[in-house]
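Presented below is the structure to which this report refers.
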Amino acid sequence: MKRRCIYSSNISSELSNVRFVVGELINCLQHNCGELCEEVLFDLKVILNEVLINAILHGNRGDESKRVKIDAGITEKGDVFLVIEDEGTGYDFDEICAKHKSAAANLDDIIESGRGIMIVKGLCDKIKVNKKGNKIAILKSIEKSQPAAKHV
């Protein structure tokens, strides 16, 4: 699958960088993809916030000397891809998913840690995490806003 990178950044692990990166990346996507529907914009903002905060707090353990690399772009089908990588030791994505799946049967057992990644999983079309667990690749289908209907 061919893809075109339209955004790349490498930020320090400071939570204050998240808002700026999310805004910058959304603006870049809209510039390259045209107007996106509100639902897709909301989903992308949630996805980016969750993944970046996880990378900073859990991956890099808030160590401001460590970096988070962000790449984003568009596939030949017009979907958005996001790749976020931290410098941490990683985690087992499949294990987190399994814990949440079993906890879902009993609301009292819901695990607080890992909820963000489950939210992201629910909003994306495809997620891949590298074996080390410090790099996530996300694919999200996007829809362009429909032009407003003219009333006669």
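Here are the numbers for this structure:
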quantity	calculated
L41 paired with E143, simple spin-label distance in nm, labels 7 Å along Cα-to-beta-carbon	1.5 nm
Amide H partners (placed H, <5 Å) of K66, local residues excluded	S13
Long-range amide H partners of I142 with built H, under 5 Å	V80
Other-chain or far-sequence residues with amide H under 5 Å of G90's (modelled H)	none
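All of the numbers you see were taken from the coordinates with simple rules; none came from a lab. Only a predicted model underlies this, so the values are computations on that prediction, with no experimental measurement involved. Ideal geometry is used to build each Cβ from the backbone, glycine not excepted, and the neighbour counts take in all protein chains shown.
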